[in-house]
Amino acid sequence: MLLSVSGIEKSFPGVRALKGVSFDVRAGEIHALVGENGAGKSTLMRVLVGVHQPDAGSILVEGRKVAIASPAESFRLGIAMVYQDTRLVPTLDAAANIALGREPGGPLLVDRARMISDAEAALLKVGSEVGVGMPAGELSRAERQQVEIARALSRDARLLILDEPTSALTSSETERLFALLRGLREEGRGIVFISHRIPEVLALADRVTVMKDGDVVGTLPVAAAEPQQLVSMMVGRPVELAYPARGKGQGDVVLSVRGLHAASGSPPVDFELRRSEILGLAGVQGAGQQDVARALFGLGATAGSMELAGKTYSPSGPAEAIREGLVYVPADRAAESLFLAHGIRPNISLPEIARFMRAGLIDGDAERKVVGEQVARLAVKTPSMEQPVGLLSGGNQQKVVFGRWFLSSPTVFVFDEPTQGVDVATKLELYRLMREIAERGAGVIVVSADLVELINLSDRILVFSDGRIVDEMPSEEATEARLVTGFTKGESSRLADDSSHMKVARQANGRPLLRRYTPPLLIGLLIVAVILATALATPYFLTPRNFSSIAIQATPLVIAALGQLSVMLFGGIDLSIGPVISLVTAIASHLLARDSGFPVPVGIGLCLCAGLAIGFCNGLIVEKLRIPDLVATLATFSIVQGLALIVRPAPGGSVDPAVGSAILARIGYVPVAFVVAVAAVVCYELLLVRGRIGARLYATGASPEAARVMGIDTGRVKIAAYTFSGFAAAVAGLVIAARIGSGDPQAGSAFTLASVTAVVVGGTPVFGGSGTAAGSFAGAFLVMLLQNVLNQLHVSAYWQYVWTGFLTLLAVAIFALRGPQARQRASQWLTRMTGGTK
């Protein structure tokens, strides 16, 4: 027996997810695991890969009892999982995602050539044509699924767990996956296949285990299993596996679309939707049906004319679409529909919150009554209406989305993959609800990759290919063969031979590099423009002495910015940088004085230790006490500033001139400290681009969950980043102490804002996940250059603060909030920073 578990129990707040589950997988077997949403399937698998720790029970791998304390331990035991909601880092490319957590190379630097070679081999084995240099955030759902599977196989897992792996795959991609899984079975590997699609289970698996309400109902050989029997076991009662009867007739035209260009460069689309009709949109991923669905909701339409209920309809955005009577349920409910950290009640009531307002306040009783009716009507499984939606199963989450729009009476409903990741019983409930909506007189549009679903649920089907409608048919005349034939119409323009595809893939590998360095390149051009403009305005600017002065002034900010960057890469912030600089200058004025009695190396070491200690404490407070970064470092700001005033209540003391001269030494007009700072930037950039450190920082910032399931200790990464930030601030403080020759408890007051400005101006988003040391260097140099320029032009110091703030806002607008995904991640960052879900 490859794997055997016995008596596994697991509870979460308000939910007993597993109730003594026993389950086993043999070598050379595909073992299917089925059950309703919330049955405990995914929880059990997360226990097996170390994401969750069981409350009780035992796990045996090849007869040996093991404790799987972390994902890294599961990898060592030969267990890997492919998640339904893919765990990829959006800012890393496919190659880096496949190698994440076990990158080839030395202890610091990664062997990029080998990483690419290994990734190409893994993707080839899966049959994927994804370019290894494409960022995961730019891949389609099907492509992300392929990269996940390739990653799992690249780890040579003896037990492979796949959670709804076909949910985003086309029929041909599914067949390739099944062929791959059968090959792995022949190699003697064990495979756990979780799916809500009973026909897939019966076509692929050797055995099937049914779970319900956190326990195992039974295990059957597939040869002896019947679809009706499995569904009855899943729901605990006989269930008729039948789609609701089609409507008896349709009414007048409720939505008319003419010449709609759903996306930039897409061809025009014409169609009509009638009252009481369910209109299905079919096509392969990217064929245009999703674009049309979103355009109807005010997301992406570029041209065309529409009429809704006889009136001109041209929504500028979702809010206007909702007001006009058209609502949309997107395919990605977690990212675009639900507020996962909040309860069921606010998730359902929010669009209609105005109806519950009484004298400016929400009538909680009325709200709970209406929401409770929807929860009961949809049979949402939850201990309470206040249960966070993120703790519900996928099917129950989808019911919450449906319930939201049932509070009003929209004219048209648009559903994009409404049953994706939903169990059979819940699918039947949702089918009934969609038919009920249509029978009440609304028009319904359904986008689905499940052809059987479309054929049996729809009244009429439109087939998309290359953005065009290439076929239209009543559902009675539809067959899977006819639909698939329609998918290939017009596809020739997108087909290419293998060599041309590889050429495109190689070109894709270079694009992320250009995007990576766009911010510092733009800043470089701005620096040149500022220099030329100022040189024309004053003869004292363009001199070697002045640029030497700018370099030495920029040195501490460059160093501090590197520390701030390490924290902002994972979406944090360090507000204590300025006070640490002040404290170090105060300490240095005592320890590095000529008559201090301390050897210079000891004095410098103690100053650096002060910064390390403060940074380490910041990390512990943020990670261990779960206090938001903003609050934690704001508190540290106050504490450290107070310590600086205690050590040196007023500017004074002195730093040994010999020490100051050593730190501020010049080669000609070039400060040695500036050269060292530039070298530090180069080394840091190298570690970000080709180092294990960079991969872990980017992964922790862009997708902490993806980093954790790959065995990365995100807590350790955060603590290390804050510790380095404290160290960098201490180094900057030593440079400033040498420059002013004394201690000053206010010496670093401007550096907190300046360091954040430098990093953000350098192109690092405020929510983390991407950024460069080169950009932070360029941002720091630009900040100090502008300060020098304003001084040269005799601009008041007060106006300099205004310019710094304006520059920060401008940088955030240009670099940090580009696109809807970036704005969504910024919102998530803000929620976490203010004490929301961590």
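Since every read-out is calculated from the coordinates, none of them should be taken as a lab result. Remember, predicted model here, so these are calculated numbers, not experimental data. Neighbour counts are summed over all protein chains in view; Cβ atoms, including those assigned to glycine, are modelled from backbone coordinates with ideal geometry.
Using only the C-alpha atoms, the convex hull of region 701-813 corresponds to 118 Å³ per residue. Could you state, as a whole-number percent, how many of the C-alpha pairs of region 553-633 are farther apart than 19 Å? Across region 553-633, Cα pairs with separations above 19 Å total 44 percent. For region 168-250, the Kirkwood estimate of the hydrodynamic radius, built from every pair of different alpha carbons, is 14.9 Å. The H on the amide N of A301, modeled in the peptide plane, is under 5 Å from the matching H of no residue at least 5 residues off or on a different chain. Angle of helix 797-811 to the longest C-alpha principal axis of the chain, folded into 0 to 90 degrees and rounded to 10: 30°.
Kirkwood hydrodynamic radius of region 15-100, from the reciprocal of the average inverse Cα-Cα distance over all distinct pairs: 14.7 Å. Working from Cα positions, state the angle (0 to 90°, nearest 10) between the long axis of helix 773-792 and the longest principal axis of the chain. Tilt relative to the chain: about 50 degrees.
D by Stokes-Einstein for region 53-173, Kirkwood Rh over Cα pairs, 25 °C, 0.890 mPa s: 160 µm²/s. Our coupling estimate for region 554-566, obtained by passing each phi through the Karplus curve with A = 6.51, B = -1.76, C = 1.60 and θ = phi - 60°, is 6, 4, x, 5, 4, 5, 5, 5, 5, x, 4, 4, 4 Hz, Gly and Pro reported as x. Under 5 Å between amide hydrogens, built in the peptide plane, is the criterion, and for V254 it picks out L273, R274, R275 among residues at least 5 positions away or on other chains. With all pairs of separate Cα atoms included, region 386-488 yields a Kirkwood hydrodynamic radius of 15.0 Å. A P(r) calculated from all alpha carbon pairs of region 325-469, with 10 Å bins opening at zero, reads 11, 40, 34, 12, 3, 0 percent. This model, with +1 at the C-beta of Lys and Arg and -1 at the C-beta of Asp and Glu, gives the chain a dipole about its Cα centre of some 1800 debye. Within the shell defined by Cβ-Cβ distances under 13 Å, the residues around L169 carry a net charge of -4, with Lys and Arg each +1 and Asp and Glu each -1. Taken along its three principal axes, the alpha carbon spread of region 625-697 comes to 49, 45, 14 Å, from the longest extent down to the shortest.
Anisotropy class assigned to region 130-201 is oblate, per the alpha carbon gyration tensor with a/c at or over the 1.5 cut-off and a/b no larger than b/c. With helices as the sole contributors, the chain gives -16000 deg cm²/dmol at 222 nm; each DSSP H run of n ≥ 4 counts as -39500 (n - 2.57), and the sum is divided by every residue. For the chain, the share of DSSP beta bridges that are antiparallel, to the nearest 5, is 60%. Which GluC sites (Glu not before Pro) in region 218-303 sit in a loop by DSSP (not H, G, I, E or B) and have at most 14 other Cβ atoms within 10 Å of their own Cβ? In loop regions of region 218-303 (DSSP not H, G, I, E or B), the sparsely surrounded GluC sites (Glu not before Pro) are E240.
Separation of region 51-100 from region 165-240 is 21 Å, based on Cα centroids.
Rounded to the nearest 10 degrees, the inclination of helix 819-833 to the longest alpha-carbon principal axis of the chain is 70 degrees. Loop-located GluC sites (Glu not before Pro) in region 178-231 (DSSP state other than H, G, I, E, B) with a sparse environment of at most 10 neighbouring Cβ atoms within 10 Å: E187. In sequence order, region 414-430 has phi-based couplings of 10, 10, 9, 6, x, 10, 5, x, 10, 6, 4, 4, 5, 4, 4, 5, 5 Hz under the Karplus curve 6.51 cos²θ - 1.76 cosθ + 1.60, θ = phi - 60°, and Gly or Pro positions carry x. Summary of packing: across the peptides 216-227, 579-590, 729-740, the per-residue average of other C-beta atoms within 10 Å ranks them, highest first, as 579-590, 729-740, 216-227.
In order along region 17-22, phi translates into HN-Hα couplings of 6, 10, 10, x, 7, 10 Hz, rounded to whole numbers, per the Karplus curve 6.51 cos²θ - 1.76 cosθ + 1.60 with θ = phi - 60° and x for Gly and Pro.
Relative to one another, the C-alpha centroids of region 657-674 and region 365-439 are positioned 68 Å apart.
Charge tally for F637 (other residues, Cβ to Cβ under 15 Å; Lys, Arg +1; Asp, Glu -1): -2. Under a 5 Å amide H cut-off, with hydrogens placed 1.01 Å from N, S749 pairs with nothing among residues at least 5 apart or on other chains.
Among beta bridges identified by DSSP and lying wholly in region 138-251, the antiparallel ones come to about 55 percent.
Only Lys, Arg, Asp and Glu carry charge here, each on its Cβ (+1 for the first two, -1 for the last two); on that basis region 239-340 has a dipole of about 160 debye about its Cα centre.
When each of the peptides 772-781, 744-753, 68-77 is scored by how many other beta carbons lie within 10 Å of its residues on average, the order from highest to lowest is 772-781, 744-753, 68-77.
As a quick test, which of the pairs K41/K369; K19/K399; K41/K399; K248/K369; K311/K399; K381/K624 have an alpha carbon distance above 22 angstrom in this structure?
Details: K41/K369 32 Å; K19/K399 25 Å; K41/K399 19 Å; K248/K369 34 Å; K311/K399 31 Å; K381/K624 33 Å.
Over 22 Å Cα-Cα: K41/K369; K19/K399; K248/K369; K311/K399; K381/K624.
How large is Rg over Rh for region 167-210, taking Rg from the Cα atoms and Rh as the Kirkwood inverse mean of 1/r across Cα pairs?
0.94
Dimensions of region 241-384 based on its C-alpha atoms, expressed as ranges along the principal axes with the largest first, amount to 49, 43, 31 Å. The ellipsoid that matches the Cα gyration tensor of the chain has semi-axes, each √(5λ) in whole angstrom, of 53, 32, 27, with the longest given first.
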